[in-house]
Amino acid sequence: MAPSRIPFGPLLLLTLTTFLLACGGTGNAPPEGLIDRSAFIDAYVDLRVSALNEESGEISDAGRAEVLQKHSLQEEDLLDFAEGHGRDLDFMRDVWNEIELRLDVERPAEDPGQ
């Protein structure tokens, strides 16, 4: 049996849920030991681009592991970042805006005939 991994779809859902639930937060500072903003964004964008390059639109376990290894990260690092910063709405809005901008540049161009 393969090791238990969090599929990318639920990772995205958990990250977004953490962000949305933060609206009721207290604004406390994030805990020490989190990856930095650029590491989160770089890894997240690479994960999404890898998924977009798959016919199924989902990244494989091997693909996810390869991207995370490239960034010297684990899935928990991304989850911890989202949870740790989730209460800072301005910060997270800026993170998601940067991710979206980078994805717009990285997405494969769609065929205009479609």
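Observations
- Residues within region 40-55 that are over 19 Å from R93 (Cα atoms) and touching a residue at least 40 places away in the same chain (Cβ under 8 Å), tallied: 4
- Residue list for region 53-69, filter: farther than 18 Å from E106 by Cβ and surrounded by 10 or more Cβ atoms within 10 Å (Cβ to Cβ): S60, D61, A65, Q69
- Residues in region 78-87 that are among the acidic types (D, E) and crowded, with 18+ Cβ neighbours inside 10 Å: E83 only.
- Of everything listed in (1) out of contact with any helix residue (DSSP H, G or I) (no Cβ under 6 Å at 6 or more places or on another chain); (2) modelled with pLDDT under 95; (3) exposed (fewer than 13 other Cβ atoms within 10 Å of the Cβ), the single unmet condition for S72 is (2).
- Of everything listed in (1) closer than 15 Å to V49 by Cβ; (2) at pLDDT 90 or above, the single unmet condition for P108 is (2).
- Selection status of S50, touching a helix residue (DSSP H, G or I) at 6+ places or on another chain (Cβ under 9 Å), polar (S, T, N, Q) and closer than 18 Å to L101 by Cα: yes
The values are calculated or read from the model by the stated rules, or taken from the named source; none is laboratory data. All figures in this text were calculated on a predicted structure; none of them were measured in a lab. FYI the Cβ positions are ideal-geometry reconstructions off the backbone, even for glycines, and counts take in every protein chain you see.
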